[in-house]
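First comes the structure, then the notes that go with it.
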């Protein structure tokens, strides 16, 4: 039995909290294992002044962690699942996902809810998905691109650079900053990124010892939900930069999947949903993708690919 494992993580405060959570869960079931965290700098971290949609490659927050896995520098990697491309490199394996926290987006302002922000107010987000959905809800607001860690974004509200920022509820919860939330945004208008609120644990496919250590951490309803979401994203050609959102929810043996594709230029969204069995989440994701493509999502995606 392996006695020591090295867990790879990005170096941000939030990423390290996430990695420490996974380490604590491993120790609960494997008290004899010594686990340490190795901080890995990713392309997305190095290029903090470049907007994410302008980066040519995908997986900018996971690639270096995956390389460290493949070369044996680390034994497993902890990611925010929403950062993971649907195509996993050969030799690697998504071994488990943790129980999903609140998947919603939140508004952090100086106390106002979204409807209360003055016309022309500046709202920051680093996500095209959020930017388009915000533009649909409040076309009179000025949507501004923003990069940086959560605390950096929050400070831009405090110092008056922005009137508000939109962030993931799960990030603020993990950081213990839920008191900063001005409003939890309804998924009816702000459908989250695929996998939002979930941590992914990635291992080498041939490392059966580590896989066996990690698999007990897997939360089945979350796994079923994100499997449908990622199949939806993949079927739409999720490697492109189109704003695509999805949220799966499990009720007994029923899985409901909501999906959205947005047109950045026209500030339009296509939204639909499907229900199916939890035993066939991939089929549900593909079915919903086909439904949206039939409604015209292919035109939205083609427009983005031209950019």
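Values quoted throughout were computed directly from the atomic coordinates according to the rules given, and no laboratory measurement underlies them. All of these numbers come straight from a predicted model, not from anything done at the bench. Positions of Cβ are backbone-derived with ideal geometry, glycine not excepted, and every protein chain shown enters the neighbour counts.
Between residue 256 and residue 173, what is 0.36 nm times their sequence separation minus the Cα-Cα distance? Round to one decimal in nm.
Values: separation 83, 0.36 × 83 = 29.88 nm, distance 2.49 nm.
Result for the pair: 27.4 nm of gain on full extension.
As a size descriptor, the averaged projected area of the C-alpha convex hull of the range 121-263 was calculated at 10.7 nm².
Distances between every pair of Cα atoms in the range 220-307, grouped in 10 Å steps from 0 to the bin holding the largest one, split as 20, 51, 23, 6, 0 percent. Taking each residue as 0.36 nm, the span from residue 159 to residue 39 lengthens on full extension beyond its C-alpha to C-alpha distance by 40.2 nm. Averaging over all projection directions, the Cα-based convex hull of the chain occupies 15.5 nm² in the image plane. Packing-based ranking of 214-220, 159-165, 110-116 yields 159-165, 214-220, 110-116, ordered from highest to lowest mean Cβ neighbour count within 10 Å.
Rounded to the nearest 500, the 222 nm mean residue ellipticity of the chain from helices alone is -9500 deg cm²/dmol, with -39,500 (n - 2.57) taken per DSSP H run of at least 4 residues. Computed from label points 7 Å out along Cα-Cβ, the spacing between residue 24 and residue 116 is 3.3 nm. Calculated FRET efficiency, residue 294 to residue 266, Cβ-Cβ distance, R0 = 25 Å: about 0.85 to the nearest 0.05. Summary of the geometry: the range 58-97 and the range 130-205, compared by the centres of their Cα atoms, lie 23 Å apart.
As a proxy for reagent exposure, ranking 37, 74, 26 by other Cβ atoms within 10 Å from fewest up yields 37, 26, 74.
First measure r as the distance between the Cβ atoms of residue 144 and residue 184, then evaluate 1/(1 + (r/R0)^6) with R0 = 25 Å and state the FRET efficiency to the nearest 0.05.
Values: r = 21 Å, r/R0 = 0.86.
Efficiency, rounded to the nearest 0.05: 0.70.
For the chain, the longest principal axis of the Cα atoms and the long axis of helix 13-29 meet at an angle of about 40 degrees.
Applying D = kT/(6 pi eta Rh) to the range 105-184, where Rh is the Kirkwood radius over alpha-carbon pairs, T corresponds to 20 °C and eta to 1.002 mPa s, the Stokes-Einstein value obtained is 174 µm²/s. The GNM of the chain, with springs linking C-alpha atoms under 10 angstrom apart, assigns the highest mean-square fluctuation among 279, 41, 136 to 279. Quick one: helix 220-235 against the long Cα principal axis of the chain, what's the angle to the nearest 10°, folded into 0 to 90? The two axes meet at around 60 degrees.
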